[in-house]
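Contents: one structure, followed by commentary.
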Amino acid sequence: MPKFIIKIDSKDNELINNQDICCYIVSKDSAPEVLEKARNSDKLVLTEDMDFCEEKALDGVIINHQVDDKFSKYIKSIQKNIAKKFFGICCPLRRHEAMISSEAEPDFLIFDTKDSLLPEELAVLQWYAELFLIQFAVMYNPKLEEKVLRMADFVILNTSEYKILVDKIKTLD
């Protein structure tokens with residue numbers, strides 16, 4: 001079973017000390033008390049905003065940038081700014097983009113699996129899982145097959161999705 005990364009998008013903080021959670025994603029909209037609790041946990045706290053990451057001295061950033069000819073140059077400039085911090089890269093479910101993103105040597109890739117996976121997209125996840133050492137996360141969606149959840153190193157979801165998934169897993173066991 002993968003580890004979970006929770007997007008904290010409200011004042012809900014009941015999952016802050018949950019042992020199944022390995023990381024939190026926060027934003028400028030996260031309540032200050034929730035942000036503080038997340039920072040005081042023994043877990044990574046990431047954000048999608050570079051300036052917010054530096055301002056709050058968070059553990060790292062998630063980069064969402066189009067994978068094109070300027071991607072490598074953009075990532076190198078980001079890496080200079082976040083030296084010694086964790087970073088993940090959001091990546092479309094296509095082989096070419098996955099290879100280019102992996103060449104940047106992120107700590108992990110995030111594949112957008114918000115919609116139902118097409119067979120060719122599932123094939124990309126299987127290919128990536130077998131070939132690359134860089135860990136990857138998938139964005140949770142109730143339509144994801146169990147094998148996708150087991151293949152991924154991490155599943156990114158919000159608090160309510162996490163509760164639904166845990167209930168679903170309990171009924172399967």
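The values are calculated or read from the model by the stated rules, or taken from the named source; none is laboratory data. In this text, all values refer to a predicted model and were calculated from it rather than measured experimentally. Glycine also receives a Cβ, built like all others from the backbone with ideal geometry; neighbour counts cover every protein chain displayed. To get the accessible areas, we keep the full protein, side chains included, count just its heavy atoms, and leave off ligands, DNA and RNA. Shrake-Rupley method; radii C 1.70, N 1.55, O 1.52, S 1.80 Å.
Some observations on this one:
Okay, residues lined up against (1) open to solvent by 50 Å² or more (accessible area, probe 1.4 Å); (2) touching a strand residue (DSSP E or B) at 6+ places or on another chain (Cβ under 9 Å); (3) among the aromatic types (Phe, Trp, Tyr); (4) closer than 19 Å to residue 62 by Cα:
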| residue | (1), (2), (3), (4) |
| --- | --- |
| 100 | no, yes, no, yes |
| 103 | yes, no, no, yes |
| 126 | yes, no, no, no |
| 134 | no, yes, no, yes |
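- Remark: residue 157 matches the filter, which requires a residue to be touching a Lys or Arg at 6+ places or on another chain (Cβ under 9 Å), touching a residue at least 40 places away in the same chain (Cβ under 8 Å) and farther than 22 Å from residue 51 by Cα.
- Number of the condition not met by residue 128 [criteria: (1) closer than 30 Å to residue 16 by Cα; (2) assigned to a helix (DSSP H, G or I)]: (1)
- Of the set (1) more than 23 Å from residue 46 (Cα to Cα); (2) open to solvent by 40 Å² or more (accessible area, probe 1.4 Å), all apply to residue 107 but (1).
- Residue match in the range 111-118 (condition: over 25 Å from residue 151 (Cα atoms), surrounded by fewer than 18 Cβ atoms within 10 Å (Cβ to Cβ), over 18 Å from the mean Cα position of the chain (by Cα) and free of Cβ contacts under 8 Å to residues at least 12 places away in the same chain): no
- Among (1) within 17 Å of the chain's Cα centre (by Cα); (2) touching a residue at least 24 places away in the same chain (Cβ under 8 Å) - the single one residue 129 does not satisfy: (2)
- When restricted to residues that are among the polar types (S, T, N, Q) and free of Cβ contacts under 8 Å to residues at least 24 places away in the same chain, the range 53-84 contains 2.
- Filter result (assigned to a helix (DSSP H, G or I) and among the acidic types (Asp, Glu)) within the range 53-105: 54, 55, 97, 103
- Scanning the range 26-50 for residues that are exposed (fewer than 13 other Cβ atoms within 10 Å of the Cβ) and either farther than 22 Å from residue 7 by Cα or polar (S, T, N, Q) (or both) gives a single hit, 40.
- Evaluated against (1) surrounded by fewer than 17 Cβ atoms within 10 Å (Cβ to Cβ); (2) out of contact with any helix residue (DSSP H, G or I) (no Cβ under 9 Å at 6 or more places or on another chain); (3) among the charged types (D, E, K, R), residue 147 falls short on exactly one condition, (2).
- Residue in the range 10-19 that is touching a strand residue (DSSP E or B) at 6+ places or on another chain (Cβ under 8 Å), open to solvent by 50 Å² or more (accessible area, probe 1.4 Å) and not in a strand (DSSP E or B) present: no
- Among the residues of the range 51-69, those that are open to solvent by less than 40 Å² (accessible area, probe 1.4 Å) and either of a type in the set (D, E, K, R) or at pLDDT 90 or above (or both) comprise 52, 53, 58, 60, 61, 62, 63.
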